[in-house]
1. For residue 210, only one of the following conditions fails: (1) closer than 14 Å to residue 165 by Cα; (2) part of a loop (DSSP other than H, G, I, E, B). What is its number?
2. Counting only residues that are surrounded by 14 or more Cβ atoms within 10 Å (Cβ to Cβ), in contact (Cβ under 8 Å) with a residue 60 or more places away in the chain and in a loop (DSSP other than H, G, I, E, B), how many does the range 255-265 have?
3. Within the range 101-114, identify whether any single residue is surrounded by 16 or more Cβ atoms within 10 Å (Cβ to Cβ), among the small types (Gly, Ala, Ser) and not assigned by TED's automatic domain parsing to the domain that holds residue 71, and answer yes or no.
4. Give the residue, chosen from 279, 252, 220, 270, that is at pLDDT 95 or above, under 34 Å from the mean Cα position of the chain (by Cα) and either hydrophobic (A, V, I, L, M, F, W, C) or not in a strand (DSSP E or B) (or both).
5. Any chance you could count how many residues in the range 46-87 are touching a residue at least 24 places away in the same chain (Cβ under 8 Å), exposed (fewer than 15 other Cβ atoms within 10 Å of the Cβ) and under 27 Å from the mean Cα position of the chain (by Cα)?
6. Checking the structure you have, find out if any residue of the range 488-498 is of a type in the set (A, V, I, L, M, F, W, C), loosely packed, with under 15 Cβ neighbours inside 10 Å and farther than 23 Å from residue 405 by Cα.
7. Residue by residue through the range 455-485, note down the ones that are at pLDDT 95 or above and within 20 Å of residue 537 (Cα to Cα).
8. For the range 153-178, which residues satisfy the criterion of being polar (S, T, N, Q) and crowded, with 17+ Cβ neighbours inside 10 Å?
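The values are calculated or read from the model by the stated rules, or taken from the named source; none is laboratory data. Given the structure is predicted, the values throughout are model-derived calculations rather than measurements. Cβ atoms come from the backbone with ideal geometry, glycine included; neighbour counts cover every protein chain shown.
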Amino acid sequence: MQMKYIKYVAALGLSLALVSCGGGGGNTGTPSGSPAATASSPAAVVVPASFVFTLDKSSISNGEGDIALLTVTVLDASRNVMADVPVNVSVDSGFYTPITPKTDAKGQVTGNISIGTDKSNRTIGATISVVGLATSTASLSVIGSQIALTPVSSTPRPGAKVDLAIKATDGNGAGVPNAEIVLGGSLGFTQSIRTDAGGNATATLAAAPSTVGTYTVTAAGLGVDTTRDVQVVTATGGIPEAVGVISSASLAISPNTIPPNTVGSTTNRAALRAVFQTATNQAIPNVRVRFEIVPPLLGSGEQVSTADNVIYSDVSGVAVADYIAGTRTSPTSGVTVRICYGLTDASIANGACPNPVTQTLTVTGQPLSVTLGDNNLLQKGGNSLTYIKLLDVAVADSSGNAVPNALISASVDISDYGKGLYASARRWCPNEDTNRNGFLDTGEDNDHNGVLTPRKADVILSFVGSNTTAANGRATIQVEYPQNVATWLTYSVRVTTNVVGSEGTDQKSYVTSFIEGDDANGSFLTPPYGVNDCSTKN
């Protein structure tokens, strides 16, 4: 369970002055038969005295889509919640998206905080203000960015050239483009460099130090500081052997589906990450690692960024490289990458691979076309309480070839609901939840019945099987609704898919319908949303 962080903000002061004035002299009593004289006073004005706020999480990942919900509750001097009070929230970075601009019946205002376009690790400050009260600030951490440094060669000779591969990633392991990385350290790198579209950069040091020893490379960017040790050695000296029993050796590939590159380009890459640990999950540094593509190869320019060099796991037991796609596509999971590793140089010398670990990925054409299709059939759901409509999603690349393993996102939105008698002309009313947040906000209850009409759950969507396309590039989704709302709702279905940034979208609109013959005695013959106009309940 995530902890909520609460802060109480008291009013600086609240003064209510009630002044009543009595009449002058001359009349010593009330005449018989006349009503008693009464004095009237203006009603006390209740103003906000304090507010409290909560965040539903203390940090958010800088991977796509993570948000934190901010809730502000406004109280009067008796600590009663206050409705219809404006609350202003401003953030010093990222985005704040208000859900309600004024407090609701519970005295609450809510809104979402997201990272915006800045993927750096940092703290977002959200300043909350209510008229007449001191401001307060909610703090939210943004986490997830990492910078990996891979020197090639891992053990340069004195005076030799050193290439440094740099990889900047977010909390999902995706590359962060256009990130400024400032290099430093005793090895000699001093430049500032920016990552490409895949989060990669390469820096070159013309000559390593002339003295044998251990040197450092530092990298600062995205709110992260990273240090990597590099040993400059002679031909007869090297990095100490790895110590420990490797109980866990893993290889991860992210993403596992990438498009091919154009001739001469190396932009489209998949990050390769090997991790070595003991039985007690302790990192093992200095493990010798070689990343390889297992035959048969695709050719046409595919490569591993470290070529055939042996690299060494760092103090976290991690060794990294990139698979760089060529110009050809592959079958599903048609590329196999492996790591060959050992505790000593001799254990993997001359191409030996005593302890292989493999993973696969797919090089696929971009899904430039997505189609949503259907037929004229309906099914009845469980216990014959619902109707189900099946929909087909097809994904193809620019050549019209089916794209397998494409991740599908789907959503359903109710646009209008009907009122009136079944056999009469319908009055179509717009969905009262204008911002689609699921809450009854000020000004949304058009028919004054105290709830949102229609309910979001009146039409639901789900996948039939997997939410990724099969080998034929197709997936199936279903829309389901209770039989009593048949003919009374209009809705739209939207599907989206993407592979490494290329997105396709399709959307279609429907009316909830029924199976032929059910109109004799179907439950939808009774209007589910009433018969009056859109501004009158029932």
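1. (1)
2. 5
3. No, the range 101-114 contains no residue that is surrounded by 16 or more Cβ atoms within 10 Å (Cβ to Cβ), among the small types (Gly, Ala, Ser) and not assigned by TED's automatic domain parsing to the domain that holds residue 71.
4. After ruling out the rest, the residue left standing is 220.
5. 3
6. The answer is no; no qualifying residue exists.
7. If the condition is that a residue be at pLDDT 95 or above and within 20 Å of residue 537 (Cα to Cα), then 458, 484, 485 are the ones that fit.
8. 153, 154, 155, 169
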